[in-house]
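These notes are about the structure you will find just below.
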2 protein chains.
Amino acid sequence: MAFEEEQKIFDSFVREKGLKHSAQRIDILLTFLKTEKHLTADELHTLVKKKNPAIGIATVYRTLKLLCESGLSSELRLGDGSVRYEHFYGHEHHDHLVCIKCGNFTEVLDTEIEKLQERLARKEGFTLQGHKLLMYGVCKKCKG
Amino acid sequence: MAFEEEQKIFDSFVREKGLKHSAQRIDILLTFLKTEKHLTADELHTLVKKKNPAIGIATVYRTLKLLCESGLSSELRLGDGSVRYEHFYGHEHHDHLVCIKCGNFTEVLDTEIEKLQERLARKEGFTLQGHKLLMYGVCKKCKG
DNA sequence: TTGATTATGATAGTGATTATCAAATTCAAA
DNA sequence: TTTGAATTTGATAATCACTATCATAATCAA
């Protein structure tokens, strides 16, 4: 079975928190990991039900929260108010280019931009802790 | 009465859309303009009710939508999922520094960052249409 | 095997926002 | 000024994403 690394991380996290193991959480974790897309809770629920039709949406939400706490996933709040979950383990900090036509995401990073943000914050007397940068546009494919 | 400019803009917008005038919308507009803060719909509703207690929350939402369409206001979606409305007329494009302690906003702009975003998008084959940058940190006051 | 604890699924509840609708208001035309 | 068609309003029902509740099931250390 793939994703040994991630499963190990999740296992340790569950153990440290004094939680118990469950087949449902493993199903959800593996479905999440195998899908390299930014899914909504509902989309993930639909996918997981193919493997285990009995899983309820509440368990999906509960597990997504654990995935975020354990560092395997991260919430992504889009400009339209929707929330998607992205892979976080093995993905350094990055920003997003979102295509307004097809909805696809591209992860990007520009260290110069990061530095300038630090400088800008310092100039205003802020101690920066983090940031979210979403860029919207039309991707290569959609421009035809 | 102040805010003649903004009122004129709103008037033209209402007229062009074939809508009618109403005292409630004026109350909401003026309360919004006089408060130089990033308000939620609910907070604005509370303020407007001091002037006109009968105004319903639905009318506040409806009017906020018109304010955004007319260019007087703009929605700001925060990292925690909440939505606030900011003044847009006379405020050029800007990004935000948000204090994670007191919640205050500072509007900032760095033309270098803007240029680098363009360059970054172009490198990925994107035609950039816009972006949202939220920076989180601790402000001068809160570091005390 | 047991039993204390946690997890689950169904579902009720929540909070923010939108839709519906009857009554009130606006405003151009008579 | 009156009229009447169109729009606006406030109350409230509905919706949507998410969380809380709770009885039952599953886990796991002793």
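Overview of values
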{"quantity": "Eligible aspartates and glutamates near B:K8 by straight Cα distance, threshold 20 Å, same-chain separation 8 or greater", "calculated": "B:E16, B:D27, B:E36, B:E69, B:E86, B:E92"}
{"quantity": "Lys pairs under 16 Å by Cα in the stretch A:21-144, provided they are eight or more residues apart or on distinct chains", "calculated": "8"}
{"quantity": "A/B buried area, accessible surface, summed, 1.4 Å probe, Å²", "calculated": "3300 Å²"}
{"quantity": "Carbon and sulfur %, accessible surface of the protein assembly as shown computed with the full protein complex present, 1.4 Å", "calculated": "52 percent"}
{"quantity": "Inter-copy spacing of A:K65 label points, which lie 7 Å from Cα along Cα→Cβ, given in nm from shortest upward", "calculated": "3.2"}
{"quantity": "Probe 1.4 Å, all protein chains present, accessible-area order of A:C142, B:C99, largest first", "calculated": "A:C142, B:C99"}
{"quantity": "Exposure ranking of B:K49, A:K143 by accessible area [1.4 Å probe, largest first]", "calculated": "A:K143, B:K49"}
{"quantity": "Candidates B:A58, B:A121, B:A41: whichever shows maximal mean-square fluctuation once chain B is modelled as a Gaussian network with Cα springs under 10 Å", "calculated": "B:A121"}
{"quantity": "Most to least accessible of A:Y136, A:Y61 (protein chains only, probe 1.4 Å)", "calculated": "A:Y61, A:Y136"}
{"quantity": "Built amide H within the under 5 Å cut-off of B:H96, gap 5+", "calculated": "B:V108, B:L133, B:M135"}
{"quantity": "Estimated dipole of chain B in Debye, rounded to 20 [Cβ of Lys and Arg +1, of Asp and Glu -1, Cα centre]", "calculated": "440 debye"}
{"quantity": "Hz values of 3J(HN,Hα) by residue in the stretch A:111-125 - Karplus curve (6.51, -1.76, 1.60), Gly and Pro given as x", "calculated": "5, 5, 4, 4, 5, 5, 5, 4, 4, 4, 5, 4, 4, 8, x"}
{"quantity": "Calculated FRET value between A:K20 and A:R122, using beta carbons and R₀ = 35 Å, to 0.05", "calculated": "0.15"}
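The values are calculated or read from the model by the stated rules, or taken from the named source; none is laboratory data. These figures come from a predicted structure and were not determined experimentally. Neighbour counts are summed over all protein chains in view; Cβ atoms, including those assigned to glycine, are modelled from backbone coordinates with ideal geometry. For accessibility, only protein heavy atoms count, side chains too; no ligands or nucleic acids. Shrake-Rupley method; radii C 1.70, N 1.55, O 1.52, S 1.80 Å.
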